[in-house]
Amino acid sequence: MGKKDSAKPSSAVSSAALKSGNFRVANGRYRIGKRIGAGSFGEIYEGMDTLNHDNKVAVKLEKKNTSHPQLIGESRFYTHLHNGVKNVMGVHAVESAHAAGGASPVYTSNNNNSGGGIPNSLQILPDFYFYGTEGDYNILVMELLGPSLEDYFVLCGERLSLKTTLMLADQMMSLIQFVHSRHLLHRDIKPDNFIMGSPGGGNDPITYNTVQQLQNTYFTNTKSHQLYIIDFGLAKKYRDPRTHTHIPYKEGKSLTGTARYCSINTHLGIEQSRRDDMEGIGYILLYFLRGSLPWQGLKAQAKEDRYSRIAQVKISTPVEELCKGYPIEFASYIQYTRCLRFEDAPDYGYCRTLFKTIFANMAYQYDLVYDWDVRRACELAYNKQRQAEEMALRRNNNNNNKKEDDSVVNNAGSIPMPIVVNTKSKKK
């Protein structure tokens, strides 16, 4: 993790300065560039570290006079998480364990790394660099990562394969287990808040031309294949870090999070706990596989009415119907998370084992080659083939033109024989 800078203001960041696109924050260290997104807190901009031009950053800006500030809380949670265990040891290490007969390797969640060449210590949080107030804004600067799972979901035609979904499930379980181990609830589980590392580097598989090349070099660039969890603006401590005393059960709470993926208990106004983060992951996985969820697209004039309609459909949809057409382990996972009691610690190992079972049954390889990698490789291969065909056509056309030119030159060099017309009439 990079060292955090001092929070002393260095320039008056105003709306006018923001529009000009020419200002810096954090004692002038980070130059803010183009706008790349927005959230409930405010806007996100791409930035550059002026001391290290290769270091791209994300800059979150929140109006200082907002009624519900989020960035200060998010900065504290990032600090808390980074001061804990930044690296999760072995939570989704990949093991090339070959059974008798040379079976294909499958993924494991063991605490060892007995082969396969993949490190069992993976960074799971973006680096956090700065938080402070400057001018009109609260400002948070962090590492700029790659596209979100929602971005990749859309890129892949709004549906992901079973293999990609299972690899993501394993990593999502590990990420949320780590967050919970630091006494925090995320409370906004959604595809937008799970981010892949930034693509880049000469060995990044996104630059390869064939799927085989992807598989041969699947982990030379760990970041582009690694899943991160972000956006702790709605996070909350669920227990005392010293005594582990759990927060009390409460009812009548307003909905916190994203209605599409939040748990049934959250809809019912019950205080959130670890079970709710876990249930949300289940809805994300089914969203990836199905392409949509039954409660999407519901309309209502008021937000509360729409939330109520979503809750009704979510409650009334049988788990078997929700998971129809997919391995039974998905239904088992949803049922398990819904049966957890308020203070229960989820059995993360059991949950990962459910999906590991599917992975083994399908004889998949945990090669970290996702649908978007294959899509990119196919596009590159297709473009390469088209370029080769176009070059061949140009060469062929050039050869034909050269032949025509040679023919004209040859004809011009010959002397045509005169045509003699006999005008004398024959004697009768």
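Looking only at the stretch 242-255, residues that are farther than 20 Å from residue 341 by Cβ and surrounded by 11 or more Cβ atoms within 10 Å (Cβ to Cβ) come to 1 in all.
Look at residue 293 and say whether it is of a type in the set (A, V, I, L, M, F, W, C), closer than 22 Å to residue 358 by Cα and touching a residue at least 60 places away in the same chain (Cβ under 8 Å). Before the answer, list the steps.
Values: of a type in the set (A, V, I, L, M, F, W, C): yes; closer than 22 Å to residue 358 by Cα: yes; touching a residue at least 60 places away in the same chain (Cβ under 8 Å): no.
Against the criterion (of a type in the set (A, V, I, L, M, F, W, C), closer than 22 Å to residue 358 by Cα and touching a residue at least 60 places away in the same chain (Cβ under 8 Å)), residue 293 does not qualify.
Residue count for the stretch 208-241 satisfying the condition of being modelled with pLDDT of 90 or more, hydroxyl-bearing (Ser, Thr, Tyr) and over 18 Å from residue 166 (Cα atoms): 1.
Which one of the conditions (1) under 30 Å from residue 171 (Cα atoms); (2) modelled with pLDDT under 75 does residue 399 fail to meet, given that it meets all the rest? Going through (1) under 30 Å from residue 171 (Cα atoms); (2) modelled with pLDDT under 75 one by one, residue 399 breaks only (1). When the residues of the stretch 27-43 are filtered to those that are buried (at least 18 other Cβ atoms within 10 Å of the Cβ) and at pLDDT below 85, the one that is farthest from residue 135 (Cα to Cα) is 41.
Within the stretch 260-283, the set of residues being surrounded by 20 or more Cβ atoms within 10 Å (Cβ to Cβ), within 22 Å of the chain's Cα centre (by Cα) and either over 16 Å from residue 345 (Cβ atoms) or hydroxyl-bearing (Ser, Thr, Tyr) (or both) comprises 261, 262, 263, 280, 282, 283.
The set of residues from the stretch 53-86 being exposed (fewer than 14 other Cβ atoms within 10 Å of the Cβ) and in a loop (DSSP other than H, G, I, E, B) comprises 65, 67, 68, 85.
On the stretch given as the stretch 339-360, residues that are crowded, with 18+ Cβ neighbours inside 10 Å and in a loop (DSSP other than H, G, I, E, B) total 3. Exactly one residue out of 3, 8, 60 is at pLDDT below 80 and closer than 22 Å to residue 145 by Cβ, and it is 3.
Conditions (1) touching a strand residue (DSSP E or B) at 6+ places or on another chain (Cβ under 6 Å); (2) modelled with pLDDT under 95; (3) small (Gly, Ala, Ser); (4) assigned by the TED database to the domain that holds residue 55, marked per residue:
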position	(1), (2), (3), (4)
106	no, yes, no, no
111	no, yes, no, no
114	no, yes, yes, no
127	yes, yes, no, yes
133	no, yes, no, yes
139	yes, yes, no, yes
154	no, no, no, no
176	no, no, no, no
189	no, no, no, no
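Among the candidates 270, 315, 284, 310, single out the residue that is closer than 19 Å to residue 254 by Cα, touching a residue at least 60 places away in the same chain (Cβ under 8 Å), aliphatic (A, V, I, L, M) and assigned by the TED database to the domain that holds residue 371. If you could, list the steps in order and put the result at the bottom.
Numbers: 315 fails: touching a residue at least 60 places away in the same chain (Cβ under 8 Å); 284 fails: closer than 19 Å to residue 254 by Cα; 310 fails: touching a residue at least 60 places away in the same chain (Cβ under 8 Å).
After applying the criteria, what remains is 270.
With the condition kept exactly as written, say whether any residue in the stretch 307-317 is more than 17 Å from residue 260 (Cβ to Cβ) and among the charged types (D, E, K, R). No; the residues of the stretch 307-317 include none that is more than 17 Å from residue 260 (Cβ to Cβ) and among the charged types (D, E, K, R). In the same structural domain as residue 168 (by the TED database), at pLDDT 95 or above, of a type in the set (Gly, Ala, Ser) and assigned to a helix (DSSP H, G or I), is that true of residue 325? Spelling it out, it is not the case that residue 325 is in the same structural domain as residue 168 (by the TED database), at pLDDT 95 or above, of a type in the set (Gly, Ala, Ser) and assigned to a helix (DSSP H, G or I).
The values are calculated or read from the model by the stated rules, or taken from the named source; none is laboratory data. Note that the structure is predicted; figures quoted are calculated from it, not measured. Note that we place each Cβ from the backbone using ideal geometry, even for glycine, and neighbour counts take in every protein chain shown.
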